[in-house]
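Colleague: Okay, handing you the structure first.
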Amino acid sequence: MRIKKYGMRLDENKHPVLVEEKTTNYVAESVSTPKDIAKMCNEVFGLKDMAEEHVYAISMNAKCKVNGVFELSHGSGQQALLASRELFMRLLLSGATQFAVVHNHPSGDPTPSNADLQVTRKLYEASKLMDIEFTDHIILGDDRAFCSLREQYTGIFS
């Protein structure tokens with residue numbers, strides 16, 4: 001599968017458009033589990049090694065094939081902001097039927113903060129209105145450590 005990382009630019013009419021920034025060949029044909037997503041983000045984007053928090057969105061089709069990847073935020077060593085408007089704009093432009101959000105914790109501990117839980121709940125509610133399935137919010141720690149909020153905090157996704 002070819003993983004395409006997109007950015008956003010304004011066209012001549014000042015409308016946002018997707019711009020391909022990087023393309024990477026990846027061995028898997030889809031990313032259907034939290035482990036698959038965590039592995040892809042670490043191998044392709046090196047998220048576990050980042051010194052600051054980075055937030056990515058993975059746009060997928062109905063078969064969990066990646067439509068595109070977007071860096072939504074690059075924060076400090078302790079936090080990064082995530083705006084739902086910017087997320088959904090990218091998801092709609094990429095044709096997403098489902099998506100996951102992934103971010104790293106530079107401390108190496110993937111335990112979610114209260115802010116992580118609150119933003120996940122907010123995104124879940126917005127995803128229902130937009131009719132785009134929010135499959136998971138995954139927090140990456142060091143090495144292979146990660147937390148799937150869908151698996152660990154099931155009440156958020158219901």
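The values are calculated or read from the model by the stated rules, or taken from the named source; none is laboratory data. None of the values given here were measured: they were computed from a predicted structure. Every residue, glycine among them, receives a Cβ derived from its backbone with ideal geometry; neighbour counts consider all protein chains shown. Quick note on the areas: whole protein, heavy atoms, side chains included, nothing else; ligands and nucleic acids left out. Shrake-Rupley method; radii C 1.70, N 1.55, O 1.52, S 1.80 Å.
Colleague: Residue pairs, Cβ under 7 Å, 6 or more apart or interchain, first in region 90-105 and in contact (Cβ under 8 Å) with a residue 60 or more places away in the chain, second open to solvent by less than 10 Å² (accessible area, probe 1.4 Å) and acidic (D, E). List them.
Modeller: Matching pairs, first to second residue: A100/D136.
Colleague: Determine whether A100 is under 14 Å from F157 (Cβ atoms), buried (at least 16 other Cβ atoms within 10 Å of the Cβ) and of a type in the set (A, V, I, L, M, F, W, C). Explain how you work it out, then say what you get.
Modeller: Working: under 14 Å from F157 (Cβ atoms): yes; buried (at least 16 other Cβ atoms within 10 Å of the Cβ): yes; of a type in the set (A, V, I, L, M, F, W, C): yes.
Spelling it out, A100 is indeed under 14 Å from F157 (Cβ atoms), buried (at least 16 other Cβ atoms within 10 Å of the Cβ) and of a type in the set (A, V, I, L, M, F, W, C).
Colleague: Restricting region 143-158 to residues that are at pLDDT 90 or above and either in contact with a Leu (Cβ under 7 Å, 6 or more places away or on another chain) or among the charged types (D, E, K, R) (or both), which is surrounded by the fewest Cβ atoms within 10 Å (Cβ to Cβ)?
Modeller: Initially, region 143-158 is screened for residues at pLDDT 90 or above, giving 145-153, 155-157.
Among the residues that remain, those that are also either in contact with a Leu (Cβ under 7 Å, 6 or more places away or on another chain) or among the charged types (D, E, K, R) (or both) are: 146, 150-151, 153, 156.
Working: F146: 23, R150: 18, E151: 12, Y153: 16, I156: 20.
Residue satisfying both the conditions and the ranking: E151.
Colleague: Looking for whichever is open to solvent by less than 40 Å² (accessible area, probe 1.4 Å), touching a Ser or Thr at 6+ places or on another chain (Cβ under 8 Å) and either small (G, A, S) or under 26 Å from Y153 (Cβ atoms) (or both) here; the options are V31, V66. Which one fits?
Modeller: Details: V31 fails: touching a Ser or Thr at 6+ places or on another chain (Cβ under 8 Å).
On inspection, the qualifying residue turns out to be V66.
Colleague: Can you tell me which residues in region 1-18 are surrounded by 12 or more Cβ atoms within 10 Å (Cβ to Cβ), in a strand (DSSP E or B) and of a type in the set (A, V, I, L, M, F, W, C)? Let's see the steps before the verdict.
Modeller: To start, the set of residues in region 1-18 that are surrounded by 12 or more Cβ atoms within 10 Å (Cβ to Cβ) comprises 1, 3-8, 16-18.
Okay, now just the ones that are also in a strand (DSSP E or B), so 3-8, 16-18.
I3, M8, V17, L18 - these are the residues of region 1-18 that are surrounded by 12 or more Cβ atoms within 10 Å (Cβ to Cβ), in a strand (DSSP E or B) and of a type in the set (A, V, I, L, M, F, W, C).
Colleague: Which strands (runs of 3 or more DSSP E) sit wholly inside region 62-158 and have at least 1 residues that are closer than 17 Å to K5 by Cα?
Modeller: Numbers: elements: 66-74, 98-104, 133-140, 146-148.
Strands (runs of 3 or more DSSP E) meeting the threshold: 66-74, 98-104.
Colleague: List pairs: first in region 50-67 and under 14 Å from A28 (Cα atoms), second part of a loop (DSSP other than H, G, I, E, B) and of a type in the set (V, I, T), Cβ under 6 Å, 6+ apart or cross-chain?
Modeller: If the second residue must be part of a loop (DSSP other than H, G, I, E, B) and of a type in the set (V, I, T), the pairs left are C64/V31.
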